[in-house]
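See below for the structure under consideration.
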Amino acid sequence: MDEGRPALSAPRASREQHAALRGWRGALAAALPLAFFAVFFAYPVGSVIARGFDGRGRVHPGSVLGDSATWRIVWFTTWQAAVSTLLTLAAGLPAAWAVARNDFRGRALVRALVMVPFVMPTVVIGAALRTTFSRLGLDGGRVNLDQSIWAILIAHVIFNVAVVVRVVGGYWAVLDVRLEESARVLGATRRTVWREVTFPHLKPALWSAATIVFLFCFTSFGVILVVGGPRQATLETEIWRYATQRTDFATAAVLACVQLALVVTLVVASSRAERTAVQRFGLRQAPRARRPRTARDKACVAAIVGVTLAVLLIPLAVLVERSLSVGDGYGFAHYRALTHRDERGALFVPPLDAVRNSLVTAVEATGIALVIGGLASVAVVHGRRLIGRVLDAGLMVPLGTSAVTLGFGILIALDEPPLDLRTSPFIVPIAQAVVGVPFVMRAVVPMLRAVDERLREAAAVLGASPDRVRREIDLPIVRRALAAAAGFAFAVSLGEFGATAFLARPDRPTVPIAMYRLLGQPGASLRGQAMALGVVLTLITVMCVLLIERAQRGQRVGW
Amino acid sequence: MNRPSSRPRAIFFLVFVALVSMSLTACGDDADPQAAQCLSKPVATPIDANKVAATDTKGTEITLVTHDSFAVSDGVLAEFTKQTGITVKLLSSGDAGQMVSQAVLTAGNPVADVMFGIDNTLLCRGLLANLFTPYTSSALAEVPDSLELDPFHRVSPIDVGDVCLNYAKAAYATNAAPTSLDDLTTASFKDAFVTENPETSSPGLAFLLATVAKYGDPGFEAYWKKLRANGVEVASGWDQAYNESFGGGKGPRTVVTSYATSPAADLMFADPPVSAPTIGVVEDSCFRQIEFAGVLAGTKHPEAAAKLVDFLLSTAFQEDIPANMFVFPANSKASLPKEFASTVRLVDKPLTLDPTQIEAKRDDWTERWTKAVLR
C-alpha cells in the first residue's frame, strides 16, 4: 500500500496510496451524494436550460453570445470575483493565524463572531458602508466610493472573511507545529519558515477557501444590486433580470450556460490544485494552541483580532443602533413588538415565529449537508477515482450556480409525483443543504487526505480492521473539521435568502424572509422591527456556532 | 353571466389592438408583434358560474400564489373558509415580475390554483402565455368598467393604485414643493430626486411608463437626460430609494418615486406618531396600476378557485386591502379606513398606457432608459 519513506520528509501524496474504499460500502458512500446531486441539481438545472433552448424564446441564443455586452458582463463578473477573493485571502490570513495558533481569552467567541456577516442582510451592510464612507468623507467630491466597485469589493471581503478564517484557520490549527519549530531550530528565519514550510502545507486549505470565496463572489446578488447600485451588472444579476423581470428564458439560459461553464472549469482546476497540493504531514489531533509568549506576539494577535473584529462589527453596530432607535430617542419598543403579530401588515405571524422556523430549517439543512457532504468526502478520498473526482468538483458547482437557475429548474423538473416537491416543506432545507454541502466537503476533504498514512498503517499492523481504522484514526481528526463545517452550514442556512424566497410560505417565514417583508412596506416602526429581528438572528447565530464548536471540543480525544 | 357592456368593449379593444399593432408595425423596430394580440380571443373554456354555485367545495384545499407584497388581516381568509369550506394555502414567489415568469414557466401545471397581483404592466405577458381560465364573477358588477382591461374576464381587477412622486413636506416648508414632472428638471430640484431602476423595480418601471405617457416616445429620453443632468439618483429597489436615500421623509433626497398612498402609510406607521402626513404627493406624476386575480389554467379545482376570486372581490376582502397593501379596492361598494379617507385618494387624471403597448415596447424602453440615464 505504501512505500517506506524517509521519516522527516513530507512527500506529496497520491490517492493510490490509500486503502481504497471499494465494494458495497464504497458504492453506498458514493451513491447517496450522487443521487442527491442528480435529483436536486443536475436534473433541475438541465431542465431549465433545455426549456430556454426549446425555440419558444423571442431571442436567438447565438445573438446573446455575439453581443459584446454579454462578454463585458462575463469579464466584470470574473475579475471582481477574482479580486474579491485575493483581498479576502489577504484580509483573512492574519486572523486565521491568530485564532489557529494562539490561545487567548475569547478565542472561541472571535471564531463565532466572524460568522456574523453571513446572516447579515445585504441592506444593512450597504447602509453600514454608506454611513462609514460619509463619516470618512469618501462619498462625494474627489473620492466617491459609494455605489462603486470598491464598495462591492469591501462588502465581499466583509461577507467572506469568515471562510478564510475558519477553513484555513481550522487546517492551520492541526498542522504539526513541530515542523515549523524544527525549521526554526535549524536556523530558518520566520520568513523562510513561512515560505518553505507553512505556506506549502496550507495550500490545500487555501485552495478550498479561495474556491468557496470566489464562487460566492461570482454569484453574489444582493451586494451587486444594493451596494454596487444600478450601474453594476454580473452574470448572476443578469440571469435574474432576464428570467424574472423579462420572462426571457432563452437569454437567461444562455447566460446560465456561460456561468455553468466558467464555474465547472474553475472547480475542476481548483479541485486538481487542491489534490496535488496535499502534503502528508502527520496531522496532529488539535495540538493545544499556545498563549502568545513574547510582547511582540501579543501585540500582533491583539492588533489582528482588533482590526478584523472592528471591520466586521461596524455593520452589526449599525444594525443594533437602528434596532434601538425609537422615535427621536432610543428604547426597546421594536424588540417588544417582535412577540406579537400586528392584526394587519406584512407578516402573517409574530416576528419571533420566524426565528423558530429558521432554527428548525437550519437544523434540517445542516443535518442533510453533514450526511451528504461527509459521505461524499469519504468517497472522494477513499472511493473510486472517477466517482471521487466527479463528486469533488460536482458538489461545488451549485455554489457557483444562480439561485434563479436552480429555483426555476426545481419548478419545472420536480413537478410531478413521485417528485412533486415544488410546494413541499422539505424543499427549503434541501435547497439550503445544496449550499451547505460544499462547505462540509471543503473542510473535510483536505483533512482526510492529509491524515498521515503511517497512523493508519500502524493501526492496521496492530490488528485494527479497516472500519476501526476509519473510526479511530480518521473520525477524531475529521470531527473538528465536521464541527467547523456544521457551523458554516448552519449559518448559511440561517442567512440564506435566494432559494428560500422562491416559493415561500408567507405564513411560515424564515428570518431573512420576515425581515425582507417588513422592510418592503413603508413605516419606520416596521423597519425598526426588521432591524431588531436581525439583531436576534445575529445573537442566535453566534450562540449556535459557539455551541456546535463546544460540543466538538468536548469530544476531543487525548493524544 | 356575460355583462352587457363587455361585447361593445371587446369590439373597441379589437379595433384598438388592430390600430396599435398597425402603428407598431409601422414603427418597424424590435417590437413584438405577438404582444398586440394579448387581448384577443382566449382559448380556454370559461368556468361556468352556475356550476361554481352548485359545487360543494367543503374540505377542498387550494393555493393562492401572490407577489411578496401581499398581506391580509387575521381572520379574513378564515371567513372564506367558513363560507365555503375551502382552506387557502398561501404561496409568495418574489415580486410580480418573478411571479408571472414562474407562472409562464409552469403554464398548464401551475403551482397554485389562483394568482393574485398580476398588474397592467405584466397583464399581456400573462395572457399571451394562456395562464388563466376565464371566469366572470357576479361581483364584477360593483367594479368600475375602467378597471376591467380584459374583455374576456380571464383576470378580474382586485385593487388599484397610483405610483407617484412623493416629497418630504419638511424640506419644502419655505420653498415651493414640486407640482409637475417638469419641475424636477429645474435648478431648485438639483440633486433632490431619487427613483428606482425600471429594470429591477416595479415602481421604477411604472414611473418610466409615466414619463413615456407624458412625453411620448422618443420624448421621454430627452426628459430623462435632463433629469440625469440635474443629478437624479437611481436605486435598485424601492426600499433603498424610499427608506435609505429619501429616509422616509428625513433623508438627503427630498423627492422619491413611491405610491399615492405613502402619506397614509406614513401616518399609520410613523415613529414617533404624527397627527398629519409628512409626505406630499405630486398628483400630475401618477401612473395608474391595476392589480388582477385569475384562476390559473390547469387547476384541479376550478370551482373552488372561482369561489376564491368571488371572495377577493367581495367587500369582506376588499375593505381589508387598503390598510394592508396600501392600494384602493376595485369594488366601489367597499369603504375605506379612516387614515385613507382623510389623507389620500386616487388622482383624477392618472397617466396610463395600454397593456399591449407596454408588453410590446417595455424592453426597448428600459434599454433606452438605461442608455440615457446610466451609461
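Nothing in this text is a laboratory measurement; each read-out follows from the coordinates by a stated rule. Bear in mind that the values here come from a model prediction, so they are computed numbers and not experimental data. Because the Cβ atoms are built from the backbone with ideal geometry, glycine has one as well, and the counts that use them run over all protein chains shown.
Rounded to two decimals, the Cα-based Rg/Rh of segment A:416-559, with Kirkwood Rh, is 1.14.
When you work out D = kT/(6 pi eta Rh) for segment A:13-135 at 37 °C and 0.692 mPa s, using the Kirkwood radius from C-alpha pairs as Rh and the Stokes-Einstein form, the result is 157 µm²/s.
Per the Debye calculation on chain A with a single equal scatterer at every Cα and no solvent contribution, log₁₀ I(q)/I(0) for q = 0.09, 0.11 Å⁻¹ amounts to -0.69, -1.04. For segment A:295-354, the C-alpha radius of gyration sits at 1.79 times the compact-globule guess of 2.2 N^0.38 Å, with N the residue count.
Sequentially through segment A:248-264, phi angles give Karplus couplings (6.51, -1.76, 1.60; θ = phi - 60°) of 9, 6, 5, 4, 4, 5, 4, 5, 5, 5, 4, 4, 4, 4, 5, 5, 4 Hz, Gly and Pro residues having no value and appearing as x.
The order of B:Ser258, A:Ser270, going from fewest to most other C-beta atoms within 10 Å of their C-beta, is A:Ser270, B:Ser258.
For an R0 of 25 angstrom, estimate the FRET efficiency from the Cβ-Cβ distance between A:Ala50 and B:Asn130 and round to the nearest 0.05.
0.75
Within the protein assembly as shown, the proportion of C-alpha pairs whose separation exceeds 52 Å stands at 20%.
Of B:Ser262, A:Ser134, B:Ser275, the sequence from fewest to most neighbouring Cβ atoms within 10 angstrom is B:Ser275, A:Ser134, B:Ser262. Note on segment A:204-240 and segment A:110-146: Cα centroid distance 17 Å, given to the nearest whole angstrom. Among the lysines, which have Cα under 20 Å from the Cα of B:Lys225 when same-chain residues fewer than 8 positions away are ignored? Straight-distance partners of B:Lys225: B:Lys190, B:Lys214, B:Lys361, B:Lys371.
Any chance you could list the semi-axes, whole Å, largest first, of the equivalent ellipsoid that the Cα gyration tensor gives for segment B:108-253, using √(5λ)? Calculated on Cα positions only, the semi-axes equal 36, 16, 16 Å. How big is the gap, in Å, between the Cα center of segment A:159-195 and the Cα center of segment A:70-109? Using only Cα atoms, the two centres lie 17 Å from each other. Using the Cβ-Cβ distance between B:Asn50 and A:Ser424 with R0 set to 30 Å, the FRET efficiency from 1/(1 + (r/R0)^6) comes to roughly 0.25. From largest to smallest, the equivalent ellipsoid semi-axes obtained for segment B:100-156 from the alpha-carbon gyration tensor read 21, 12, 9 Å.
Hey, what D do you get for segment B:227-284 in µm²/s if you plug the Kirkwood alpha-carbon radius into Stokes-Einstein at 20 °C and 1.002 mPa s?
Working: Rh = 12.2 Å.
Approximately 176 µm²/s, per Stokes-Einstein.
Computed log10 I(q)/I(0) for segment B:311-360 at 0.16, 0.21, 0.23, 0.30 Å⁻¹: -0.58, -0.80, -0.86, -1.08, from the Debye equation with unit scatterers placed on every C-alpha and solvent omitted.
Computed from Cα positions, the angle between helix A:475-495 and the longest principal axis of chain A comes to roughly 10 degrees.
Taking a sphere under 9 Å around the Cβ of A:Met531 and counting the other residues whose Cβ falls inside, with K and R at +1 and D and E at -1, yields a net charge of +1.
First check a/c for segment B:59-105, with a ≥ b ≥ c the square roots of the eigenvalues of its C-alpha gyration tensor; if it is under 1.5, answer rounded, and if not, answer prolate when a/b is larger than b/c or oblate otherwise. Please list the in-between numbers first.
Values: a/c = 4.41, a/b = 1.83, b/c = 2.41.
Oblate shape, in that a/c is at least 1.5 and b/c is the bigger or equal ratio.
Calculated FRET efficiency, A:Phe76 and A:Leu539, Cβ-Cβ r, R0 30 Å, to nearest 0.05?
Details: r = 37 Å, r/R0 = 1.22.
E(calc), rounded to 0.05, equals 0.25.
With the convex hull drawn over the C-alpha atoms of segment A:302-459, the volume per residue is 232 Å³.
The convex hull around the C-alpha trace of segment A:394-493, projected and averaged over every direction, spans 8.3 square nanometres. Here is the size of segment B:180-240 from its Cα atoms: Rg then Dmax, 11.1, 30 Å. Hey, if you drop one equal point scatterer on each alpha-carbon of segment A:25-72 and run the Debye formula without solvent, what base-10 log of I(q)/I(0) do you get at q = 0.28 Å⁻¹? For segment A:25-72, the Cα-only Debye profile gives -0.96. Looking at chain B alone, DSSP beta bridges between its own residues are antiparallel in about 60 percent of cases. Listed by chain and number, the aspartates and glutamates placed with their C-alpha closer than 13 angstrom to that of B:Lys300 are B:Glu61, B:Asp113; residues fewer than eight positions away on the same chain are left out.
A simple spin-label model places the labels of A:Leu475 and B:Glu367 6.1 nm from each other, with each point 7 Å out along Cα-to-Cβ. State the antiparallel share, in %, of DSSP beta bridges confined to the protein assembly as shown, rounding to the nearest 5. If we restrict to bridges inside the protein assembly as shown, about 65 percent are antiparallel. Counting other Cβ atoms within 10 Å as a rough exposure proxy, the listed residues B:Lys41, B:Lys361 run B:Lys41, B:Lys361 from fewest neighbours to most. A viscosity of 0.890 mPa s and a temperature of 25 °C, combined with the Kirkwood radius over C-alpha pairs in the Stokes-Einstein formula, give segment B:267-366 a diffusion coefficient of 147 µm²/s. Averaging over all projection directions, the Cα-based convex hull of segment B:49-144 occupies 7.2 nm² in the image plane. Compactness ratio for segment A:192-254: Cα radius of gyration over 2.2 N^0.38 Å (N = residue count) comes to 1.71.
Under the Kirkwood approximation applied to all pairs of distinct alpha-carbon atoms, what is the hydrodynamic radius of chain B in Å?
On the way: mean 1/r = 0.0466 Å⁻¹.
The answer is 21.5 Å.
What the Cα atoms of segment A:229-341 give is an Rg and a Dmax of 24.7, 63 Å.
With N as its number of residues, segment B:166-315 has a Cα radius of gyration that, divided by 2.2 N^0.38 Å, comes to 1.25. Projecting each Cα onto the charge dipole of the protein assembly as shown (Lys/Arg +1, Asp/Glu -1 at the beta carbon, about the Cα centre), which of B:Gly216, A:Gly92, A:Ala532 comes out farthest on the positive side? Projecting each Cα onto the dipole axis, the largest value belongs to A:Gly92.
The value obtained for segment A:142-220, namely the Cα convex hull volume divided by the number of residues, is 106 Å³ per residue.
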